[in-house]
1. Identify, from the list T140, T83, T92, the residue that is of a type outside the set (G, A, S), touching a Pro at 6+ places or on another chain (Cβ under 9 Å) and farther than 23 Å from H31 by Cα.
2. Among the listed residues L143, L125, L111, which satisfies the condition of being under 14 Å from N85 (Cβ atoms), in contact (Cβ under 8 Å) with a residue 24 or more places away in the chain and among the hydrophobic types (A, V, I, L, M, F, W, C)?
3. So for the stretch 32-50 (the condition being among the hydroxyl-bearing types (S, T, Y), over 11 Å from the mean Cα position of the chain (by Cα), in a helix (DSSP H, G or I) and surrounded by 14 or more Cβ atoms within 10 Å (Cβ to Cβ)), does at least one residue qualify?
4. Among the residues of the stretch 51-96, write down those that are of a type in the set (V, I, T) and either in a helix (DSSP H, G or I) or farther than 12 Å from T107 by Cβ (or both).
5. Of the residues E129, E90, E122, which is surrounded by 14 or more Cβ atoms within 10 Å (Cβ to Cβ), more than 30 Å from Y39 (Cα to Cα) and of a type in the set (D, E)?
6. For V130, are the conditions met, namely being under 13 Å from the mean Cα position of the chain (by Cα) and either farther than 21 Å from D30 by Cβ or modelled with pLDDT under 90 (or both)?
7. Within the stretch 98-108, can one find any residue that is hydroxyl-bearing (S, T, Y) and at pLDDT 95 or above?
8. Which of the residues spanning the stretch 121-148 are out of contact with any Leu (no Cβ under 7 Å at 6 or more places or on another chain) and either closer than 9 Å to G105 by Cβ or among the aliphatic types (A, V, I, L, M) (or both)?
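The values are calculated or read from the model by the stated rules, or taken from the named source; none is laboratory data. Computed from a predicted model, the values in this text were never measured in an experiment. Every residue, glycine among them, receives a Cβ derived from its backbone with ideal geometry; neighbour counts consider all protein chains shown.
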Amino acid sequence: MKRLSIFTLLLSFLTVQGISQDLDINVLSDHTYETADDYAEVQDEILQCISWLKSNPVDHPDRKAVNALVLTWLTGTPSVSITLNGYVVEFTEKNPDLLILFMGGWTEHVLEVGKGNASELESNLKGVEVVIAYYENRKTNGLAKDAGMQRLIKLRDRGELTDYLKGQL
């Protein structure tokens, strides 16, 4: 019994250490944003946060804190501008956590190709692709089944997702 408790305690410590090392939450929590350079300084950490959000369930105890860090950065960064079209509401209404994932996919794309090179269509497509990938693991991630998401998956599977998104912009 004693061995199990010590093992459990050690495992818990290592898990918490892994999360904070991977995300460097303290750096982001203490970071102040006054200039464009302030946002650029933590761009890699924000990408790590987005990656973390894509691989952890919606009920993870650190999720709200990570969401807040990403949203704080997105609110002021000059590197990324996100347009939320009406169709996004359809697939985030039942599962609001999908919104930050959509914005995360959009952000990853813009930072990868550069703000001036990222089209609204490509950015929407990347955001939706991230959401679909996360939703397809909904049982693991704690999401509710949603007809709007099912429709996006069917459109993707038929090769019609890009055309659908063109019509939504």
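1. After applying the criteria, what remains is T140.
2. Going through L143, L125, L111 in turn, just one is under 14 Å from N85 (Cβ atoms), in contact (Cβ under 8 Å) with a residue 24 or more places away in the chain and among the hydrophobic types (A, V, I, L, M, F, W, C): L125.
3. If we filter the stretch 32-50 for residues that are among the hydroxyl-bearing types (S, T, Y), which is where we start, we get 32-33, 35, 39.
Narrowing further to those that are over 11 Å from the mean Cα position of the chain (by Cα): 32-33, 35, 39.
Narrowing the set further to residues that are in a helix (DSSP H, G or I) leaves 39.
Of the ones still in play, those that are also surrounded by 14 or more Cβ atoms within 10 Å (Cβ to Cβ) are 39.
There is at least one residue in the stretch 32-50 that is among the hydroxyl-bearing types (S, T, Y), over 11 Å from the mean Cα position of the chain (by Cα), in a helix (DSSP H, G or I) and surrounded by 14 or more Cβ atoms within 10 Å (Cβ to Cβ).
4. Those that are of a type in the set (V, I, T) and either in a helix (DSSP H, G or I) or farther than 12 Å from T107 by Cβ (or both): V58, V66, V70, T72, T75, T83, V88, V89, T92.
5. Exactly one residue qualifies, and that residue is E90.
6. Yes; evaluated as a whole, the condition is true for this residue.
7. For the stretch 98-108, residues hydroxyl-bearing (S, T, Y) and at pLDDT 95 or above: present.
8. Step one: of the stretch 121-148, the residues out of contact with any Leu (no Cβ under 7 Å at 6 or more places or on another chain) are 122-123, 126-127, 129, 133, 136-148.
Hits for the stretch 121-148 are S123, K126, G127, E129, A133, L143, A144, A147.
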